[in-house]
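One structure below.
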Amino acid sequence: MARPEQVLLLEPQHELKFRGPFTDVVTATLKLTNPTDRNVCFKVKTTAPRRYCVRPNSGIIDAGTFINVSVMLQPFDYDPNEKSKHKFMVQSMLAPYDMTDMEGVWKEAKPEELMDSKLRCTFEMPLENGETTEHSVLPKSASASLDDGEVKKIMEECKRLQMEVQRLREENKQIREDDGLRKRKVTSLTTPHSSSAMATTAVRDEGLSTRVLAFCVLFFVIGVIIGKLAL
């Protein structure tokens, strides 16, 4: 007998995304919604139990309510060439009306009463330009096409950044040229004033020397006159 279809609504439905850097715990949230009029028991299992901490990893979702499950990826040395093979499974079953022991219910559950949904894991590493590299479990052909698409996007972004750097260099060069021209103008404007000031000072000094000489001559003449009168 085929298993019944999953009654819980999963968000996300197919994959859990973990965004790096992975030097600390990275948490993804899995929302489980029970749209039925029955309480539902659930369990969250993973193929890599040592790499993840799940809270809560089991429990009961009341009818018409939901629960958020925190899936915490433990720190590890990220290798972009390593494809993630980690998977999660959400297992559920309708809770018996007279349930008293949840563990006992799981042990006594028949295979045809169990429902499950599977999710794969995706690791994303942010790049300097804000984009991300993504690694997940994909068919070989799909993975190859994804890599080609990522390479094309990266090449286009590099080209755009090179053009932006060139534009900034030209702007910087123009700014330096404008600044040099402005300094030369300031120098040319201040030089005549300096020359004029020096000329004015020279004239003033020359005028002062002339007056002193005139006074000296005047005193000499007066002295000569007084000397003649004395004789």
*Rank-order 90-97, 40-47 by packing density, defined as the average count of other C-beta atoms within 10 Å over each peptide's residues, highest first.*
40-47, 90-97
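Taking square-rooted eigenvalues a ≥ b ≥ c of the alpha carbon gyration tensor, is segment 53-134 rounded, prolate or oblate, where a/c under 1.5 means rounded and, failing that, a/b exceeding b/c means prolate? Present the calculation step by step, with values, prior to reporting the outcome.
Numbers: a/c = 3.10, a/b = 2.54, b/c = 1.22.
Since a/c reaches 1.5 and a/b is larger than b/c, the shape of segment 53-134 is classed as prolate.
The numbers here are math on the coordinates, done by the rules we state, and not lab data. Here the structure is a predicted model, which means the values were calculated and not measured. Cβ atoms come from the backbone with ideal geometry, glycine included; neighbour counts cover every protein chain shown.
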